[in-house]
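One structure is given here, and the rest of the page talks about it.
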Amino acid sequence: MPQTPTAPLPPKPDASIGFTALYALAMFGTFLALLTPPVMTLALRAAEVAPANKEAVLSWALGLGALVSLLVNPVAGQLSDRTTSRWGMRRPWILAGLVVGLAGLYLIATGDATMLVVGWCVTQLGFNFLIPTLLAVLPDQVPERQHGRVSGILNAGFPVGVVAGVSVAQAVAPDMRAMFMVPGVVAVVLVVLFMLRLDDRRLSPADVAPLDWKGFLGGFWISPRAAPDFCWAWLSRFLLFMGLATLMSYQVFYLLDKVGIAPAAVPETMLKSTLVSTFTTVIGSLLGGWLSDRIARRRVFVLVSALIYSVGLAVIGTTAQLEPFLWGIAICGLGQGVYLAVDLALVAEVLPDKTGGAAKGIGIISLANNIPQSLAPAIAPVFLAIGAAGMAKNYGALFWAAAIFALLGALAAVPIKGVK
């Protein structure tokens, strides 16, 4: 099996304000470029190039793109952990992913329906090489005492990137090419600025065994017996994201069918929902990460934040009114912000190999984010059908089930022993 160095790294100096700011901007740029298409512009482009079957085109693009992301994340991590380039372990893959992702956005913006599907797969290929290697910089460069606050700042880029992406797309509309390429160019500028600042780790060729495909493929499996804390962290994240994916996938239909929002009012209502969620997510992410470092605790924050998220889902599941729905969204955002900030810090501290396998571990943990995006919509009809008559859908059952998933995600963090 290929081996990477496992000797402890020298003590890491504190991450400076400048380093943290550029790191956060790089993550923000990545989220801006990657999340704007599925949130808004991909559907608009599908309607433009295939008005008669736009739903099918969008489904093919999102489905195949999700499959690409599932396959690429752990592969990217393993390759980065074995890279002996004189430019470092992470920088070559960050740059390659950025270039490929930008090319994918260009294919979507300029091609036909087939190129839309191909382009989104290429975009997912590129950015899902970039993300795990970019996140591996956290355990590489940042001392554990700062993991919470730095990961909190990084994760704030997720909701801010969504809002900024929608705003940029609206500002340059109806120029479809600009709607895709402006976020991509912003990502290029911000990521390259961080790469210029990054003092990347360098791996000696003598420390890497010749590539053994059996060992390489076997590296995707991490034994629960050998690394129980990592596996419990994976399960906790998977269950929380089952609740999150349910909310993201079905809130529009919930507003239409349960709350009774008119179709024409959905964009305005979704903007309100997104702004509310963004505000509480950013607050939760920044405050949770800082406080977690302050008291040197991770597990209790993961537990409490997942509980908060489950409460928010339960609030949504018990109402048919817009105002309580927005309160539920606000509670979910708060729980999500705290969870994602502290959970990334926790994951960085339970990686099976913090020195030679950080990117591989983060690539595998990313599967816990990605699988629910396909699994949650697949099983949702089971809950929607509970006690439903005719064309009615039981959204209460669906969101209560999502709340239970989030609650189980909280409980899955309890057995983690290696982190306080």
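The values are calculated or read from the model by the stated rules, or taken from the named source; none is laboratory data. Keep in mind that what you see is a predicted model, and the values were worked out from it rather than measured. Glycine also receives a Cβ, built like all others from the backbone with ideal geometry; neighbour counts cover every protein chain displayed. Areas reflect the complete protein model, heavy atoms only, side chains present, ligands, DNA and RNA absent. Shrake-Rupley method; radii C 1.70, N 1.55, O 1.52, S 1.80 Å.
Kirkwood hydrodynamic radius for the chain: how many Å is it when counted over pairs of different Cα atoms?
On the way: mean 1/r = 0.0459 Å⁻¹.
Averaging 1/r across every pair of different Cα atoms and inverting gives 21.8 Å.
Hey, what number do you get for the chain at 222 nm if only DSSP H runs of n ≥ 4 count, each worth -39500 (n - 2.57), divided across all residues, to the nearest 500?
Numbers: 15 runs with 308 residues, N = 420.
Roughly -25500 deg cm²/dmol at 222 nm, from the helical runs in the chain.
Would you mind giving the average projected area, over all directions, of the Cα convex hull of the stretch 369-420 in nm² with one decimal? Please report the intermediate quantities before stating the final value.
Values: hull surface 18.6 nm².
With every direction weighted equally, the projected area is 4.7 nm².
Would you please give the FRET efficiency between Glu323 and Met270, computed as 1/(1 + (r/R0)^6) with r the Cβ-Cβ distance and R0 = 22 Å, to the nearest 0.05?
Numbers: r = 15 Å, r/R0 = 0.70.
Computed FRET efficiency for Glu323 and Met270 comes out at 0.90.
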Here, Val192 and Trp290, labelled 7 Å along Cα→Cβ, have an inter-label distance in nm of 3.4 nm
Give a residue-ordered list of calculated ³J(HN,Hα) values for the stretch 172-181 (Karplus: 6.51 cos²θ - 1.76 cosθ + 1.60, θ = phi - 60°; whole Hz; x for Gly, Pro).
9, 4, x, 6, 4, 4, 5, 4, 8, 7
Give, in nm to one decimal, the length gained when the segment between Ala385 and Leu71 is fully stretched (0.36 nm per residue of separation minus the Cα-Cα distance).
109.8 nm
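Quote the relative contact order of the chain in percent (integer), defining contacts as alpha-carbon pairs under 8 Å separated by 6+ residues. Write down the numbers at each step before the final one.
Working: 761 pairs, mean separation 108.9, N = 420.
With pairs under 8 Å counted, the relative contact order is 26 percent.
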Starting at the first residue of the stretch 98-110, write each ³J(HN,Hα) from the Karplus equation 6.51 cos²θ - 1.76 cosθ + 1.60 with θ = phi - 60°, in whole Hz, x for Gly and Pro.
5, 5, 5, x, 5, 4, x, 4, 5, 4, 5, 6, 10
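Would you work out the relative contact order for the stretch 236-352, in percent, from Cα pairs under 8 angstrom that are 6 or more residues apart? Could you put the intermediate results ahead of the total?
On the way: 130 pairs, mean separation 39.2, N = 117.
Averaging sequence separation for qualifying contacts and normalising by length gives 34 percent for the stretch 236-352.
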Cross-link partners of Lys420 among aspartates and glutamates (Cα-Cα below 17 Å; sequence separation of 8 or more within a chain)
Glu144, Asp229, Asp293, Asp343, Glu349
In percent, how large is the relative contact order of the stretch 18-164, given Cα pairs closer than 8 Å and 6 or more residues apart?
35 percent
Between the stretch 31-68 and the stretch 100-125, the alpha-carbon center distance in angstrom
10 Å
How large is ³J(HN,Hα), in whole Hz, for each residue of the stretch 73-89 in order, when computed from phi with the Karplus curve 6.51 cos²θ - 1.76 cosθ + 1.60 and θ = phi - 60°, using x for Gly and Pro?
3, x, 5, 4, x, 4, 5, 4, 5, 9, 7, 10, 4, 5, 8, x, 7
For peptides 144-152, 314-322, 268-276, sequence by mean Cβ density within 10 Å, most packed first:
144-152, 314-322, 268-276
At Ser167 and Ala262, where each label point lies 7 Å from the Cα along Cα→Cβ, what is the point-to-point distance in nanometres?
2.9 nm
Using the Cα gyration tensor of the stretch 219-303, with a ≥ b ≥ c the square roots of its eigenvalues, what is the shape: rounded (a/c below 1.5), prolate (a/b larger than b/c) or oblate (neither)?
oblate
Starting from the Cα-Cα distance between Arg297 and Val252, subtract it from 0.36 nm times their residue separation and give me the gain in nm to one decimal.
12.5 nm
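Return the carbon/sulfur percentage of the accessible area of the chain, one whole number, probe 1.4 Å, all protein chains in place.
Numbers: 12500 of 17780 Å².
With neighbouring chains kept in place, the figure for the chain is 70 percent.
Calculate, for the chain, the solvent-accessible area per residue in square angstrom, rolling a 1.4 angstrom probe over the heavy atoms of the protein chains. Please list the in-between numbers first.
Numbers: 17780 Å² over 420 residues.
On a per-residue basis, 42 Å².
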Would you mind computing, in nm to one decimal, how far apart the modelled labels at Ala378 and Trp87 are, each placed 7 Å from Cα along Cα→Cβ?
3.7 nm
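Specify whether the C-alpha gyration tensor of the stretch 85-149 places it in the rounded, prolate or oblate class, a ≥ b ≥ c being the square roots of the eigenvalues: rounded for a/c under 1.5, otherwise prolate if a/b is larger than b/c and oblate if not. Don't jump to the answer; show the numbers that get you there.
Working: a/c = 4.59, a/b = 2.37, b/c = 1.94.
Here the stretch 85-149 falls in the prolate category.
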Compare the peptides 153-161, 407-415 by average per-residue count of other Cβ atoms within 10 angstrom and give them in order, highest first.
153-161, 407-415
Taking amide H positions as placed in the peptide plane 1.01 Å from N, state which residues far from Arg298 in sequence (5 or more) or on other chains have amide H under 5 Å from it.
Lys420
